[in-house]
Amino acid sequence: MTYKETVKYILDIPRFTKKNDAEHTRTFLEYLGSPLEHIRVLHVAGTNGKGSVCAYLDGMLRSEGKRTGLFTSPHLVKINERIAVNGVQLSDEQFCRVFERTRKAVQLMEEDGLPHPTFFEFLFGMAAVAFEEADVEYAVLETGLGGRLDATSAARHPLVCVITSIGLDHMEYLGNTLEEIAGEKAGIIRDKAPVFYAQTDERSDRVIERIAEEQGSFCKKIGKDAFEILGIEDKHIAFSCSSAYYGNTTWRLNNTGVCQPGNAMLAMEVMRYLFGEKGHPDKWRAALKDLKWAGRMEEILPDVYVDGAHNISAVEAFVQSVPRDGRENIVLFSAAEDKDHRKMVECLCRGMASDMFVVTHIDSLRGAQAETLGEIFRQYTEQPVIVRASVQEALAFALENQNGRRIYCLGSLYLTGAIKELIQEVV
């Protein structure tokens, strides 16, 4: 099959399969030859920051000379983004080769009367195959949704389990309280696998610690006092660490999001556990300073930023990250229908200085209607609210009216991906 045919097959999967349980995913991996069996797995779950923590872990592991595999979701522009080996996403040729091996295993499953893997399962299987073929030493796996029932939890013996900040998101699937959501995220914890988690809220913290104790797992909370943000300079955020292990030097991230030092600190503490006195924090520091993670306060054109904030806790962190230097801003916003976009809009209008809001509809079945979003904005701001039917029209309007202002695009990862794709076509 050609690359285009391969991608179409994968994108069509949701039309002819159903949700499968974790046992099905384990069986799927067995049909693939158990490709993760001899790979050290770092399993990452959480509401916000999962992708960033995964990227930081991958970058620091590579700085130690380790061969790595990275599985993340969703992709922003191209589906290959989900699977990377040694920091490089699969080429189209590699993607097709891994797909063919995976599809043959699925055909055998179906001949034996087993259901076809879901979209996410299939891609996870492809990642496992790619990692085995590349002989990676460490695989960093990001959960897709939740944790307890996620396909990635089919990795039976993780080297370490990592849980990022917990917030209210995907409540129709994960529960209506922080405790319920934390319980689903902490479902990745396996028997005696060490657990590292980001301090969020006493309610969610207690759940994670209880489940870790039940599993007999060492558990370490990375508190908000483990680091101190020093400031933002030259589009890098700088921070220091409270532990003498990291020395007295300043750490810098190639990002200005105020949530990122906490994500980096969580990943650093995992590295500290894995390597101890044999680790090289100086190499980690260099890796983090240069690492770019797409869609997280990413500058895609001069003074034009995209951010994947798509729930209220992420939007609150975004608002805290916007410089308060007197410059004017334009916000370009869209969101999925199933998100609490009213609270997101209220936070944006009341939390940051913006003299124009441009609202649009993401080309997705889940996208909230632009007119509806526009009406909500007008309830919270007296600034102009411009509604445009498509992302392309919205971006064109914002750029035409930039006039020295910063443009921030957020509300949905689908919006981030669409804007990045449009920019790539132009540039």
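Tabulated data
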| quantity | calculated |
| --- | --- |
| Selection count, segment 245-274, where residues are within 11 Å of MET60 (Cα to Cα) and out of contact with any Pro (no Cβ under 9 Å at 6 or more places or on another chain) | 2 |
| Where CYS241 falls short, out of the listed (1) under 30 Å from LEU301 (Cα atoms); (2) in contact with a strand residue (DSSP E or B) (Cβ under 9 Å, 6 or more places away or on another chain) | (1) |
| Filter result for PRO14 (more than 20 Å from ASP112 (Cβ to Cβ), assigned by TED's automatic domain parsing to the domain that holds ALA105 and either over 24 Å from the mean Cα position of the chain (by Cα) or not basic (Lys, Arg) (or both)) | yes |
| Test: residue in segment 282-299 that is in contact with a Gly (Cβ under 7 Å, 6 or more places away or on another chain), surrounded by fewer than 22 Cβ atoms within 10 Å (Cβ to Cβ) and touching a residue at least 12 places away in the same chain (Cβ under 8 Å) | yes |
| Check on LEU415, touching a residue at least 24 places away in the same chain (Cβ under 8 Å), assigned to a helix (DSSP H, G or I) and over 25 Å from the mean Cα position of the chain (by Cα) | no |
| Test: residue in segment 263-280 that is crowded, with 18+ Cβ neighbours inside 10 Å and farther than 26 Å from LYS66 by Cβ | no |
| Residues located in segment 322-344, provided they are under 22 Å from LEU399 (Cβ atoms) and modelled with pLDDT of 90 or more | VAL322, GLU328, ASN329, ILE330, VAL331, LEU332, PHE333, SER334, ALA335 |
| Single residue of segment 192-226 satisfying the filter (of a type outside the set (A, V, I, L, M) and closer than 18 Å to CYS241 by Cα) that is farthest from the chain's Cα centre (by Cα) | ASP225 |
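The values are calculated or read from the model by the stated rules, or taken from the named source; none is laboratory data. Keep in mind that this is a model prediction, so the values were computed, not measured. Every residue, glycine among them, receives a Cβ derived from its backbone with ideal geometry; neighbour counts consider all protein chains shown.
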